[in-house]
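The values are calculated or read from the model by the stated rules, or taken from the named source; none is laboratory data. The structure presented is a predicted model; accordingly, all values stated were derived computationally and were not measured. Cβ placement follows ideal geometry from the backbone for every residue including glycine, while neighbour counts extend to all protein chains displayed.
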Amino acid sequence: MTAEVAVPAVAAPPEQRILLANATWETYERLLAENVTCPGTRFAYDEGMLEIMVVYVGHEAPNRTLASLVGVVAEVLRLDMVAAGSTTFKRQDLEKGFEPDSCFYFRNVDLVRGKEQLDMEVDPPPDLVIEVDITRSSLNRFRIFAAIGVAEVWRFDGEKVRMYVREEGQYKEVAASAALPVLTAAQAGIFLDEQRRQKWPDWIDDVRSWVRFPALAFTPVVSHT
């Protein structure tokens, strides 16, 4: 009788990346078209450098949690927004393009509401981009974000949430979100960590409860005199 040997399970990495040099814009466009039905694949292009990223649950879980955090905070604060997910944003004239993990419009929400397609030569870029970068991208996506004009970026590296705002074409790390000033990077990290241990409805309730007290500062006082 042959003894069975246990084979240890191999955990999938959060992301797998391929970086191609000297890729043409036509190659980038063709890959986008061929993978339009593959939501787990992201493409980024920067002047001939093309990164292809395939994401797994270790990447998507924190992305979806942070995106939900944005939605809940905006709901409690009664802020209008459009969630644009991982929409493709590209500018051929700049030779740059990217697909965020999640993105949102706040300031420019009225300019994109109801649109089925966005043209970056006409339409504004997202006001907030969420990027999960656990395996460390070889492509500097901040160059792409800055050129296209993204106002704010949240980045999670597997350990910490950091927030950045665009100033004079460069990104500066900040303590709190510009789009959602009540929320700090540290608190976003706490909520992200807590969600791993909590049931989803309980987590939603905790976020709403936390936001309601600081939200009083955003409630206008109406005078009846």
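Before we move on, is LEU139 buried (at least 17 other Cβ atoms within 10 Å of the Cβ) and at pLDDT below 95? Considered against the rule, which asks whether it is buried (at least 17 other Cβ atoms within 10 Å of the Cβ) and at pLDDT below 95, LEU139 comes out as yes. When we screen VAL57, VAL109, VAL73, VAL82 for residues that are of a type in the set (A, V, I, L, M), in contact (Cβ under 8 Å) with a residue 24 or more places away in the chain and closer than 19 Å to LYS160 by Cα, the only hit is VAL57. In segment 66-82 there is no residue that is of a type in the set (Gly, Ala, Ser) and either over 30 Å from GLN195 (Cα atoms) or in contact with a Pro (Cβ under 7 Å, 6 or more places away or on another chain) (or both).
Scan segment 82-112 for residues that are among the charged types (D, E, K, R) and part of a loop (DSSP other than H, G, I, E, B) and the total you get is 5.
Of all residues in segment 124-136, those being modelled with pLDDT of 95 or more and part of a loop (DSSP other than H, G, I, E, B) number 4.
Would segment 190-204 turn up any residue that is in contact with a Leu (Cβ under 6 Å, 6 or more places away or on another chain), farther than 30 Å from GLU121 by Cβ and modelled with pLDDT of 95 or more? Yes, because at least one residue in segment 190-204 is in contact with a Leu (Cβ under 6 Å, 6 or more places away or on another chain), farther than 30 Å from GLU121 by Cβ and modelled with pLDDT of 95 or more. Out of curiosity, is VAL132 of a type in the set (A, V, I, L, M), within 10 Å of the chain's Cα centre (by Cα) and either more than 20 Å from GLU167 (Cβ to Cβ) or surrounded by fewer than 20 Cβ atoms within 10 Å (Cβ to Cβ) (or both)? Here the answer is yes, as VAL132 does meet what is asked.
Considering only residues that are assigned to a helix (DSSP H, G or I), aliphatic (A, V, I, L, M) and surrounded by 14 or more Cβ atoms within 10 Å (Cβ to Cβ), which ones fall in segment 18-38? If the condition is that a residue be assigned to a helix (DSSP H, G or I), aliphatic (A, V, I, L, M) and surrounded by 14 or more Cβ atoms within 10 Å (Cβ to Cβ), then LEU31, LEU32 are the ones that fit. Among the residues making up segment 144-161, those that are outside any strand (DSSP E or B) and under 17 Å from SER86 (Cβ atoms) are ILE144, PHE145, ILE148, VAL150. For beta carbons closer than 6 Å, sequence separation of 6+ or different chains, a first residue in segment 157-170 that is at positive phi and a second that is among the β-branched types (Val, Ile, Thr), the qualifying pairs are GLY158/ILE134. Residues considered: LEU118, LEU79, LEU66. Of these, the only one that is at pLDDT 95 or above and assigned to a loop (DSSP other than H, G, I, E, B) is LEU79.
Among what's in segment 40-63 and is among the aromatic types (Phe, Trp, Tyr) and in a strand (DSSP E or B), pick the residue that is surrounded by the fewest Cβ atoms within 10 Å (Cβ to Cβ). For segment 40-63, the residue satisfying everything is PHE43.
Among residues of segment 171-190 that are in a loop (DSSP other than H, G, I, E, B), those with a beta-carbon under 6 Å from a residue that is crowded, with 17+ Cβ neighbours inside 10 Å and among the aliphatic types (A, V, I, L, M) at least six positions away or on a different chain give the pairs SER177/MET163; SER177/LEU183; ALA178/VAL165; ALA179/LEU128; LEU180/VAL73; LEU183/VAL73.
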